[in-house]
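Novice: First the structure, which I've put down as structure tokens, then a few questions once you've had a look.
The values are calculated or read from the model by the stated rules, or taken from the named source; none is laboratory data. Model, not experiment: these values are computed from the prediction. Cβ: placed from backbone, ideal geometry, glycine included. Neighbour counts: every protein chain shown. To get the accessible areas, we keep the full protein, side chains included, count just its heavy atoms, and leave off ligands, DNA and RNA. Shrake-Rupley method; radii C 1.70, N 1.55, O 1.52, S 1.80 Å.
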Amino acid sequence: MSAMALELDGVVKHFPLRSLANYGKAVHAMDDVGFGLEAGGSMALVGESGSGKTTTASVIARLYERDSGGLVVDGEPARPFRSRKESLAYKKKVQLIFQDPFGSLNPTHTIRSILERPFLIHGLANGKADLDARLNDALEQVGLSPAAEYLRRFPHELSGGQRQRVNIARTFAVEPSIVLADEPTSMLDVSIRMGVMNMMLDLKEKKGVSYLYITHDLAGARYMCGTIAVMYAGMIMEIGPTEAVIADALHPYVRLLKSASPSPESGPARARLEAKGEIPSLIDPPSGCRFHPRCPFAKPLCSEAVPELRDLGGGRRVRCVLP
Ligand code: SF4
């Protein structure tokens with residue numbers, strides 16, 4: 001069995017609401033979230049806005065601590081940090097690429113100053129000459145060459161694609177073993193998305209990192225990742241090998257997502273699966289299966305108990321009473 005970079009088991013994260021109107025209530029951002037990511041592997045975490053994908057990445061990066069459930073990184077169970085050194089070591093190992101290439105770079109700092117920080121914080125450079133060499137490497141490996149041209153510029157002097165490349169260079173500067181990429185191309189023009197995705201795939205191969213790639217786009221998930229997990233309203237609905245799930249989705253919500261995604265194979269005339277209603281509020285999620293108010297196949301028992309994420313073999317797991 002392959003070594004695992006990341007294991008989540010029954011992770012729960014709720015955000016209590018403070019207002020008087022919602023006193024005693026909470027946003028149920030993650031409930032019973034569990035999956036494993038093989039070392040050197042890539043998993044897409046797919047879902048619509050508000051499905052809990054970004055909270056899941058934030059909990060793994062430990063920007064928020066989970067309420068309960070297991071989190072194991074590189075074989076080590078996550079436990080409270082006992083020192084800043086432990087917290088820094090974790091942040092070096094698990095890095096986030098943010099969605100917004102405009103907001104995630106300080107506009108008053110040069111690219112040199114932005115890129116220097118991780119090397120200095122983690123004590124990775126051995127003197128100025130070594131730091132200069134590392135900065136050059138960091139930019140050149142993301143296709144920003146000659147590096148000196150970019151190091152003296154400010155973020156506003158770069159295009160959106162170039163800024164995201166700087167973000168990615170900053171992520172890889174600290175030699176992480178796990179990269180959590182939160183919709184890294186969704187704010188880029190379609191014409192430059194593919195270049196950034198290909199560059200990320202090249203870096204993954206060269207560096208041997210593991211990717212958790214967060215997206216709402218099934219086509220992007222298929223291009224980037226061997227495994228896919230689909231979230232809905234704070235819970236995982238289906239997990240499996242990407243090609244198998246996309247070719248033959250078993251959960252009605254995943255079938256709905258597929259039906260709503262453009263596909264060159266099936267063309268615009270294919271039958272669409274329709275769901276009723278809207279994505280539910282995470283403050284007061286539906287009882288039982290969270291998809292039951294919208295599911296065209298719902299039965300009375302679907303609103304009574306939360307279905308288990310059942311193992312169907314072949315790496316496929318589905319949270320539905322049907323398959
Ligand atoms: Fe639909 Fe029931 Fe399956 Fe939920 S458990 S997806 S409501 S059939």
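Novice: Using alpha carbons only, how many degrees (0 to 90, rounded to 10) separate the axis of helix 84-93 from the longest principal axis of the chain?
Specialist: It works out to around 80 degrees.
Novice: Let me ask something else. With the chain treated as a Gaussian network of Cα nodes joined by springs under 10 Å, which of Leu144, Leu282, Leu20 yields the largest mean-square fluctuation?
Specialist: Checking each option, the largest mean-square fluctuation is seen for Leu20.
Novice: Could you work out what % of the accessible surface of the chain is carbon and sulfur, using a 1.4 angstrom probe and leaving DNA, RNA and ligands out of the count?
Specialist: The computed percentage sits at 53.
Novice: For the pairs Lys92/Lys207; Lys13/Lys93; Lys93/Lys204; Lys25/Lys299; Lys13/Lys53; Lys13/Lys276, note any where the Cα-Cα span goes beyond 18 Å.
Specialist: From the list (Lys92/Lys207; Lys13/Lys93; Lys93/Lys204; Lys25/Lys299; Lys13/Lys53; Lys13/Lys276), the Cα-Cα distance tops 18 Å for Lys13/Lys93; Lys25/Lys299; Lys13/Lys276.
Novice: Using a 1.4 angstrom probe on the protein heavy atoms only, line up Lys204, Lys276, Lys258 by accessible area, largest first.
Specialist: Working: Lys204 20, Lys276 115, Lys258 55 Å².
Most to least solvent-accessible, the answer reads Lys276, Lys258, Lys204.
Novice: Roughly what % antiparallel, to the nearest 5, for the DSSP beta bridges in the chain?
Specialist: Values: 27 of 45 bridges.
Of the beta bridges lying entirely in the chain, close to 60 percent run antiparallel.
Novice: So for each of 42-53, 94-105 I average, over its residues, the number of other beta carbons within 10 Å; can you give me the resulting order with the highest mean first?
Specialist: The peptides rank, most packed first, as 42-53, 94-105.
Novice: Run the numbers for Glu140 and Ala244: contour at 0.36 nm per residue of separation, minus the present Cα-Cα distance, in nm.
Specialist: Residue separation times 0.36 nm, minus the Cα-Cα distance, leaves 33.8 nm.
Novice: Round to the nearest 0.05 the FRET efficiency obtained for Glu308 and Glu65 when R0 = 30 Å and r is the Cβ-Cβ distance.
Specialist: E between Glu308 and Glu65, to the nearest 0.05, is 0.70.
Novice: Also, I was wondering about something else. For region 157-163, what does the Karplus curve 6.51 cos²θ - 1.76 cosθ + 1.60, with θ = phi - 60°, yield as ³J(HN,Hα) per residue in whole Hz, taken in order and with x for Gly and Pro?
Specialist: 8, 10, 6, x, x, 5, 5
Novice: For the chain, what does the alpha-carbon gyration tensor say about shape, rounded, prolate or oblate, given a ≥ b ≥ c as the root eigenvalues, a/c under 1.5 as rounded, and a/b over b/c as prolate?
Specialist: The shape class here is prolate.
Novice: I've got another one for you. Just grab the label-to-label distance for Arg79 and Leu120, each label 7 Å out from Cα along the Cβ direction, in nm (one decimal).
Specialist: The two pseudo-label positions are separated by 3.4 nm.
Novice: Calculated FRET efficiency, Ala133 and Lys207, Cβ-Cβ r, R0 25 Å, to nearest 0.05?
Specialist: The pair Ala133/Lys207 has a calculated efficiency of 0.90.
Novice: Turning to a different aspect of this structure: What 222 nm value per residue comes from the helices of the chain, counting each DSSP H run with n ≥ 4 as -39,500 (n - 2.57) and dividing by all residues, nearest 500 deg cm²/dmol? Walk me through the numbers before you get to the answer.
Specialist: Details: 10 runs with 102 residues, N = 323.
After summing the helix terms and dividing by the residues of the chain, the value is -9500 deg cm²/dmol.
Novice: While we're here: What ³J(HN,Hα) values, in whole Hz, does the Karplus curve 6.51 cos²θ - 1.76 cosθ + 1.60 give for region 167-183 when θ = phi - 60°, with x put for Gly and Pro?
Specialist: 4, 5, 4, 5, 4, 7, 4, 8, 6, x, 9, 10, 10, 9, 9, 8, 6
Novice: Ala89 versus Asn198, label points 7 Å from Cα toward the beta carbon: distance in nm?
Specialist: Those two pseudo-labels are separated by 4.0 nm.
Novice: How much area per residue is accessible in the chain when the probe is 1.4 Å and only protein heavy atoms are counted (Å²)?
Specialist: Result: 48 Å² per residue.
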